[in-house]
Amino acid sequence: MNQRIGIIGVGKLGSALGRLALDAGLDLSVADDPANPHVGLVVASILPGARFTDATDLLATSDIIILAVPQPVLATLPLDAAAGVLVDATNAWEATDGVRAGTGPTTPALLAAHPHLRLVKTFNQYAYADLLPDARPAGAPGRRAMAVAGDDQVAVGAVARLVDALGFDPVVVGMDAAELLEPSGPVFGRKLTAPDLVAVVTAHAPERLAGRPTPRRG
Ligand SMILES: NC(=O)c1ccc[n+]([C@@H]2O[C@H](COP(=O)([O-])OP(=O)(O)OC[C@H]3O[C@@H](n4cnc5c(N)ncnc54)[C@H](OP(=O)(O)O)[C@@H]3O)[C@@H](O)[C@H]2O)c1
């Protein structure tokens, strides 16, 4: 795929996803906390080849933007400037986000506050430390799956292709199933193959898989 990928927040999750993106040969831009003057140097050492910029520029110039900041930071970002698809990878996880499961702003709530955004939820369900060890080429036996939640079919398809390019089988569900991916949900923190993930979603909400598009490879 030749889309421009942007990541806001190059901490534990953002840097692991950035490493996978660079390994896949993708065009990567990253932005981080503007209050941290040293982050450009850090980025140059851990993600050589990534373009370091600010959030406003990244939002305006990326086709897919992954939000990997502590959840309360979302409200401070100029999300309305996004030209591309936004991927909410955040959680209400007390240790990093300062908000307990079930109390933070969910992705559907974020979407309700910014209804014109092309918003997809994924990557939040997988521990950052497992991303690099578990990434596999398409078709590899036992390849792990990543649920991709959203209702904008074009946006979901683009993000599903990114998930595939980064080394995981995408399993597409509707935004109404995003809660299954949250820390209190049955998908969160589990290493599942695509058939097993489909079985988990089907057990909890069979209607949420019905009629979902199978993403094209590209
Ligand atoms: N860790 C995981 O395994 C994992 C897995 C899935 C999802 N998540 C979720 O992903 C999100 C990030 O988690 P994390 O573990 O990667 O946290 P983290 O290591 O603390 O990284 C967060 C990054 O966001 C940066 N940041 C803070 N304010 C910012 C701003 N205004 N603009 C741009 N960047 C800003 C931080 O920079 P400074 O440190 O310089 O402030 C830091 O580099 C959380 O919602 C978490 O629940 C985490």
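The values are calculated or read from the model by the stated rules, or taken from the named source; none is laboratory data. Nothing here was measured: the structure is a model prediction, and the numbers come from that model. Ideal geometry is used to build each Cβ from the backbone, glycine not excepted, and the neighbour counts take in all protein chains shown.
Restricting to the range 27-59, and then to whatever is touching a helix residue (DSSP H, G or I) at 6+ places or on another chain (Cβ under 7 Å) and among the hydrophobic types (A, V, I, L, M, F, W, C), can you tell me which residue is modelled with the lowest pLDDT?
Ile46
Can you name the residue in the range 60-87 that is of a type in the set (Gly, Ala, Ser) and within 11 Å of the ligand (Cβ to nearest atom) and, of all such residues, is surrounded by the most Cβ atoms within 10 Å (Cβ to Cβ)?
Restricting to residues being of a type in the set (Gly, Ala, Ser) and within 11 Å of the ligand (Cβ to nearest atom), the top hit is Ala68.
Among the residues of the range 188-207 satisfying the criterion of being among the charged types (D, E, K, R) and part of a helix (DSSP H, G or I), which is nearest to Gly6 (Cα to Cα)?
Asp196
In the range 147-156, how many residues are of a type outside the set (A, V, I, L, M) and buried (at least 21 other Cβ atoms within 10 Å of the Cβ)?
Qualifying residue count for the region: 1.
Consider only pairs whose beta carbons are under 6 Å apart and that are at least six residues apart or on different chains; among these, list those whose first residue lies in the range 1-24 and is in contact (Cβ under 8 Å) with a residue 12 or more places away in the chain and whose second residue is among the charged types (D, E, K, R).
Met1/Arg161; Gln3/Asp63; Arg4/Asp27; Arg4/Asp63; Val10/Asp32
Taking the stated definitions as given, is Asp57 out of contact with any Phe, Trp or Tyr (no Cβ under 9 Å at 6 or more places or on another chain), away from the ligand (no atom under 11 Å from the Cβ) and acidic (Asp, Glu)?
Here the answer is yes, as Asp57 does meet what is asked.
In the range 49-61, how many are under 13 Å from Arg4 (Cα atoms), of a type outside the set (D, E, K, R) and touching a Ser or Thr at 6+ places or on another chain (Cβ under 6 Å)?
1
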